[in-house]
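Q: Please find one structure pasted underneath; my questions will follow.
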Amino acid sequence: MSVDTVVRDEPWPLDLRVHRVADHTLCGRFHSAASGVGRRRRDEYSMLHNNDPRLDCYCGCALADSDHPAHDATTSLGILGTGSRVPDRVVSNGEIAPAAQVDEGWVRRKTGILERRWADPGEATSDLAAAAGRNALQAAGIRAGDLSLIIVATSTPDSPVPPTACHVQRQLSACNAVAFDINAVCSGFVFALSVAQAMLASLGGYGLVIGADVYSRTLNPADRKTVVLFGDGAGAVVIGKSERSMATLRGATLFSFGDLADLIRVPAGGSRIPYTPAIHDKGLHYFTMDGHAVRSFVLDWLPHLVGRFLKQHSIAPEEVRHIVAHQANTVMLDDLFPRLGLPNATMHQTAAMYGNTAAASIPLTLDQAARSRGISSGDLVLLAGFGGGMSVGLSLIRWS
């Protein structure tokens with residue numbers, strides 16, 4: 001099943017009302033236009049406000065109602081800034097090879113990965129996500145208080161509840177932003193970008209879209225099929241309508257293949273197999289993957305889906321100048337590239353340095369390309385996500 005992003009002119013079902021405060025920061029609430037539900041009474045927030053009825057937001061702002069600033073419908077939605085963050089700890093092939101009963105050469109030959117970054121014990125997905133988001137905001141010249149939307153794509157949240165995006169909202173003091181997570185595994189960033197694009201086309205304002213994962217916490221050290229692949233990290237983009245955007249968002253399309261859901265999974269820890277000590281002893285809390293089947297899926301299906309996507313958008317393969325794909329591993333990307341049939345494109349890679357960073361891999365790689373000035377004005381960039389579900393997300397951006 002596929003879903004194509006359609007930018008519509010009619011209003012989004014939810015209306016974002018913004019409350020402007022004296023120091024010119026912004027804070028907001030979502031109100032349902034259909035139900036007419038307004039802001040809750042102040043006394044319902046008394047615990048969050050330190051029992052001070054003069055305060056109207058948990059962060060301490062005193063709010064006054066005002067209309068959301070109108071956005072210019074003639075200005076294209078684009079990427080205003082990019083950012084990324086990886087942990088400081090470098091994990092070499094030599095460190096992980098003994099427990100997986102392989103040697104460094106085997107890891108390099110099979111994956112092309114030389115090292116990866118793993119989070120420290122006190123570092124969680126939201127910490128990396130917030131740092132990447134902060135860097136993207138700085139690059140965009142946008143304050144966190146100006147955000148109306150934060151979406152975090154992750155399959156390794158801080159905890160099942162609440163959304164990791166809410167922790168990010170708190171760390172950034174982005175009081176005005178509605179915050180939620182999306183889980184499409186390694187395709188998650190493109191899924192999140194597509195959702196944000198559709199919402200902001202009607203809502204206006206700015207959105208922060210983050211891909212972040214800490215897979216090192218889910219890996220079996222003895223499983224050579226997985227432990228050698230994954231690293232931790234986060235990447236982010238700020239999007240909005242602005243004439244000074246660094247890239248314009250074009251079309252996007254999303255695919256899900258539920259019949260293949262068992263190819264990539266963490267068996268336990270959810271409602272079907274709750275976590276127990278016995279489950280832990282069986283190792284069912286670890287990430288598992290049928291690597292051969294996943295590889296076959298990607299190499300067989302992705303070229304076909306990319307060709308179909310470009311044809312739908314009347315883009316000749318020769319027009320694509322850059323590919324930022326999910327960084328599964330360097331060997332797979334090298335095998336995939338010639339099959340895509342994009343003769344003038346450059347395949348950007350970060351897997352050798354950072355490993356497979358799951359939902360973070362596309363925005364992290366895009367940030368590296370942007371900061372190295374590896375993309376020129378007018379270049380067409382294809383984002384290609386693929387991962388558990390199975391899922392595929394494709395998006396086109398035109399560099400400004």
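Q: Report the local net charge at ILE273: Lys and Arg +1, Asp and Glu -1, summed over other residues whose C-beta lies under 11 Å from its C-beta.
A: +3
Q: Right, here's the next one. Sort 313-319, 171-177 for me by packing, meaning the mean count of neighbouring Cβ atoms within 10 Å per residue, highest on top. Working shown, then result.
A: Details: 313-319: 13.1, 171-177: 23.1.
The most tightly packed comes first, giving 171-177, 313-319.
Q: Straight-line reach from LYS110: which lysines have Cα under 20 Å away, leaving out those fewer than 8 places along the same chain?
A: Output for LYS110: LYS225.
Q: Here's a follow-up. With a ≥ b ≥ c the root eigenvalues of the C-alpha gyration tensor of the range 130-208, is it rounded (a/c under 1.5), prolate (a/b larger than b/c) or oblate?
A: Oblate is the answer for the range 130-208, as a/c is 1.5 or above yet b/c matches or exceeds a/b.
Q: Highest mean first, what order results for 148-154, 135-141, 77-83 on Cβ atoms within 10 Å? Each step should come with its number before you reach the end.
A: Working: 148-154: 29.3, 135-141: 20.3, 77-83: 24.1.
The packing order, highest mean first, is 148-154, 77-83, 135-141.
Q: Right, here's the next one. Within 10 Å of each candidate Cβ there may be at most 16 other Cβ atoms; applying that plus a DSSP loop requirement, which trypsin sites (Lys or Arg not before Pro) in the range 250-280 survive? Walk me through the numbers before you get to the answer.
A: On the way: sites: ARG250, ARG265, ARG272; in loops: ARG272.
Hits after loop and neighbour filter: ARG272.
Taken together, the values in this text are just the output of simple stated rules run on the coordinates, not laboratory data. Please read all numbers here as calculations on a predicted model, not as lab measurements. When we count neighbours, we look across all protein chains shown, and the Cβ atoms used for this are built from the backbone with ideal geometry, even at glycine.
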